[in-house]
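Derivation of every value follows stated rules applied to the coordinates shown; laboratory data play no part. All values reported here derive from a predicted model rather than from experimental measurement. FYI the Cβ positions are ideal-geometry reconstructions off the backbone, even for glycines, and counts take in every protein chain you see.
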Amino acid sequence: MDLEIRHLRVLNAIADTGSLTRAAAALGFSQPALSAQLRRIERSLGGALFVRDGSGSRPTAFGALVLAHAHGILTAHEDLLRDIRQRGPEDSDLTAVRLGSVPGPLTAVLVTTARRLLPRAEITLHTCDTEEEQLELLATGRLDFGLAVDYPEYELALRPGIGDALLAVEPVFVLISERHPLADRPDIPLRDLSGEAWLAGENKDVRMRAQFRAACRRAGFTPRRVQRLSASVVFPLVGQGHGVALAHPLVSEREGVVVRPLTGDPMGVRQRLVWAAHSPLAAHAPALLDTLTKAYWAEAQRARMYWAWLEARGRLPPAAGASGTE
């Protein structure tokens, strides 16, 4: 039996999961079928690759040698496929563009912008749980561009091989019920919300949480309760008066819910375009940033409360009257 890429993926899955059962589930095989496949591979190579006992599967010394080579071959194979997708045959100008983002109001804007800039490209989006995951995918060549978020005094450390450019520095707003006693205020002091229950989405951004806790301490209180919920239920719960929530300034108001700035802007967000510096597509970064910036200001102009906030602080972009259209 000739060893193939698919066989190396089997070995890699067993080593990564430490179990034939878990590897079979990850690969979409039955456990008996995977065991039979492993036996054929071991016969072909001439030795046992894993020790299997009650605690799972561990590589033998011979298996560790094979796995070291398998990892290098699989990485090279993925690099080859990536370059083929990105460059295509010489007579084709089609390009694969792989985008990444932790889900947020600008995720769709990034995809729309990339399609506008590279209309013949195949655009794919990978949504990440954390910024660290996104940076790992960029650094290892599995993404081309992404949107990274961090916070003043809680900056995100970029890895070597990742380029970045600042897109915007934003305030953090708050969502409250339109029936809330403070809803008619143009802005709301954070300390006046000290008795509220805080409703948060399932975002895993530890930097945002740290910034929120620090802002509350400066305002003289500890949040009474922070409940993490599916993002789809945060708006209805806020609208019915069950709590308040932090909000991105581009978020639109919905029925029963208003968006308000926090007095003194105690929290901030930095939006950054990030890219894999070694990617053949890195040369498109300046054009992507320019197109994305124009799209960002168009979104800002549609966000009534955010635009008023920008105007009051003299932070409107040049030619603001024309920035909402292209």
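Taking a point 7 angstrom from the Cα of V169 along the C-beta vector, which residues in the stretch 304-318 have backbone N less than 16 Å away? It comes to 310-311, 313-317, nothing else. The Cα-based radius of gyration and maximum Cα-Cα distance (Dmax) for the chain are 24.9, 77 Å. For a quick check of your reading of the filter: which GluC sites (Glu not before Pro) in the stretch 138-247 sit in a DSSP loop and have no more than 12 other Cβ atoms within 10 Å? In loop regions of the stretch 138-247 (DSSP not H, G, I, E or B), the sparsely surrounded GluC sites (Glu not before Pro) are E153, E155, E202.
In terms of surrounding Cβ atoms within a 10 Å radius of their Cβ, I176, I5 rank from fewest to most as I5, I176. Positive end of the dipole of the chain (Cβ unit charges, origin at the Cα centre): among G243, H284, L190, the Cα lying farthest that way belongs to G243. Just to verify a number: FRET efficiency for R52 and R225, C-beta to C-beta distance, R0 = 56 Å, to 0.05? After rounding, the FRET efficiency stands at 0.70.
Roughly what % of DSSP beta bridges within the chain run antiparallel, to the nearest 5? Walk me through the intermediate numbers first.
Values: 28 of 43 bridges.
DSSP beta bridges in the chain are roughly 65 percent antiparallel.
When peptides 269-281, 114-126 are sorted by average Cβ neighbour count within 10 Å, with the highest value leading, the order is 269-281, 114-126.
The distance linking the stretch 240-274 with the stretch 200-227 is 14 Å (Cα centroid to Cα centroid, whole angstrom). FRET efficiency for V233 and H278, Cβ-Cβ distance as r, R0 = 45 Å, nearest 0.05? The computed FRET efficiency comes out at 0.60.
Net length available on complete extension from L158 to D290 is 45.4 nm, with 0.36 nm assigned per residue and the Cα-Cα distance removed. Beta bridges assigned by DSSP with both partners in the stretch 173-264 are antiparallel in approximately 55 percent of cases. Each peptide among 234-246, 54-66 gets the average number of other Cβ atoms lying within 10 Å of its residues, and from highest to lowest they stand as 234-246, 54-66. The calculated FRET efficiency for T124 paired with A25, based on their beta-carbon distance and R0 = 25 Å, is about 0.50. Computed extension gain for R254 through E311, at 0.36 nm per residue and net of the alpha carbon distance, reaches 18.2 nm.
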